[in-house]
Structures are given as structure tokens and as C-alpha cells.
């Protein structure tokens, strides 16, 4: 007799707790590794000083982490309001909206930080694919993958029209083109590169694949159709 076949599968709630626990441990480990650079920007951020906080990568990352509890509070408030009026998937919609903003704005902010020669050095463009990719380094590639990763992860969860990898890829590429164009027009002493667009769009598409099981579907969120009453045959008088 096979006793293993009669064992029930682990409940879905247990798997969720395990995944959340692993995610928390991963985030805690990452914070432990980068705690030194983040603490360097902490005094200026706490003092509310622009220079040394919001104009540095460490300061922006630190403020993004500090803003997590307020963002979760906004998610809770939006979900509670939607549930009060009977909106389906209220938590998913609220989390997706806040997640898109919270996870995208800081990275876009960092890409728009001016360099030392901003306004003086002529704008530079690199239109040869894969030429700049070899000079980005691991940190540069990972950073570019994360720029629109939150957008790619949460957008299909919120909008059924974007529940497609090609559409998210196009969305990420379009947003990246806007950022690279702004860097060129504003002369931020940055190179507007086609490789940035390719990596940004790829990061959005990969993040979309990671959230595929939670994508919004029109059929799942649409209210059930009410059966139409059958016509009553007329009686002969």
C-alpha cells in the first residue's frame, strides 16, 4: 500500500506563508549587505537636506524603504474603500496601483539625476545595439532591469488590457524611450543609449512573467450574467 499517495497536499495558505517568509528573509539579507551605504545617507535624509539625500542613489533607496509602511497603509485604505462598495479583487487592484508607483518612481528619479557636467557637456546618443551592454557591468545591468520591473509586475494585475508579455514589453520600451529622450533634451550628462531601452523593456517583461498567475482577466472580474426570463406563451382566449 502506498501511504504517500494518501497524504493530503499542503494547504495553499501554508505555501503562501512560506513564500512570504522567504521573501522577507531575502529582503532582510539584502538590507544587511547594503546597510553601510544606506546609513551614510541617513543623517542628511533625517535632517531633510536635499543635497546628500535625494540626489544620491543611497539616499533614494533609503527613502524608498522608509516609504514602504505609508504605501502599505495606502493599499489598505484603497482596498477597504473598494470592498465597501463591492468591488471585486479590491486588494489586488489596490496593491497593483500602489506597487506600480512605489516601485517605479524612485528608479526613474535615479535615472534622471544629473551628472557632474549637466548643462555643459553636449548630449550624447548611442544607437548601436549591444555596444554599451558590455560596459554596463553587473550592477548596471541589474539596475536597468529593475527600472520598470515594478511596472511590468503590477500593470497586468491591474489592467486586463496589459495582461500580455508583448504589451508589457512595448510598454517598458515606450517608457524607457521617454526617459532616454528626457535625458538627451535636458542635457543631464548621461548617454541616451538604445541598450538602456532594451534592458529596461526586458526587465519589465521578465517581471510580468513572474506575476502571470495573478494577472487580471476580464472574465474573472466581470459580474455573473443574470439569466434572462423566458417568455411566457400567450394563452388562447
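Each value in this text was obtained by applying a stated rule to the coordinates, not by laboratory testing. What you see is a predicted model; the values in this text were computed from it and never measured. Please note: Cβ atoms are built from the backbone with ideal geometry, for glycine as well, and neighbour counts cover all protein chains shown.
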Which three numbers, in whole Å and largest first, are the semi-axes of the equivalent ellipsoid of the stretch 95-140 derived from its Cα gyration tensor as √(5λ)?
27, 17, 10
Given 5 Å bins starting at zero, what is the percent of C-alpha pairs of the stretch 88-221 in each, up to the one with the largest pair distance?
2, 11, 19, 21, 18, 11, 8, 5, 3, 1, 0
Quote the FRET efficiency, to the nearest 0.05, computed for residue 57 versus residue 126 with a Förster distance R0 of 25 Å and r equal to the Cβ-Cβ distance.
0.70
With R₀ set to 41 angstrom, the calculated FRET efficiency between the beta-carbons of residue 181 and residue 39, to the nearest 0.05, is 0.70
What FRET efficiency do you get for residue 15 and residue 113 if R0 is 45 Å and r is their Cβ-Cβ distance, rounded to the nearest 0.05?
0.65
Using only the Cα atoms of the stretch 13-158, each taken as one equal point scatterer with no solvent, compute I(q) by the Debye sum, divide by I(0), and report log10 of the ratio at q = 0.10 Å⁻¹.
-0.49
Rounded to whole Å, give me the distance from the Cα center of the stretch 42-64 to that of the stretch 68-90.
29 Å
